[in-house]
Ligand SMILES: [Zn+2]
């Protein structure tokens, strides 16, 4: 079976640094030409195609835009996948932490939480 050369495009999640005391950081790219933000690991701006992307750190605050895990799978898998729109204007696929099924509706304010071992996605938690 041939080895696939496709590399999945992952959000720019904070890589473990070994220092678990530091707050989690979500990085994104801001285009120097059109000013748009993207959370994807990319070489060119998805809006205007410019290569002048600057890596910046997000505040980690955002809103649940859409829940991607079907309600019935939230019970079986335990992980709730959603799209989070960050205050900086980009969207990431994320895992909701401490989310009982149905308790975090779309539109809920969330903030970045420490990485979790059960997921490769950035983890968000509902604001108190
Ligand atoms: Zn651009």
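The values are calculated or read from the model by the stated rules, or taken from the named source; none is laboratory data. Please read these numbers as outputs of a predicted model, since none were measured by experiment. Using ideal geometry, Cβ is built from the backbone for each residue, glycine included, and neighbour counts are taken over all protein chains shown.
Considering only the range 33-54, state which residues are under 19 Å from residue 121 (Cα atoms) and in a strand (DSSP E or B). Across the range 33-54, the qualifying residues are 37, 38, 40. The sole residue among 35, 102 that is exposed (fewer than 13 other Cβ atoms within 10 Å of the Cβ) and modelled with pLDDT of 95 or more is 35.
What residue, of 58, 51, is within 14 Å of the ligand (Cβ to nearest atom) and at pLDDT 95 or above?
Working: 58 fails: within 14 Å of the ligand (Cβ to nearest atom).
Testing whether each residue is within 14 Å of the ligand (Cβ to nearest atom) and at pLDDT 95 or above leaves just 51.
For the range 77-86, the count of residues that are assigned to a loop (DSSP other than H, G, I, E, B), within 15 Å of the chain's Cα centre (by Cα) and touching a residue at least 12 places away in the same chain (Cβ under 8 Å) is nonzero.
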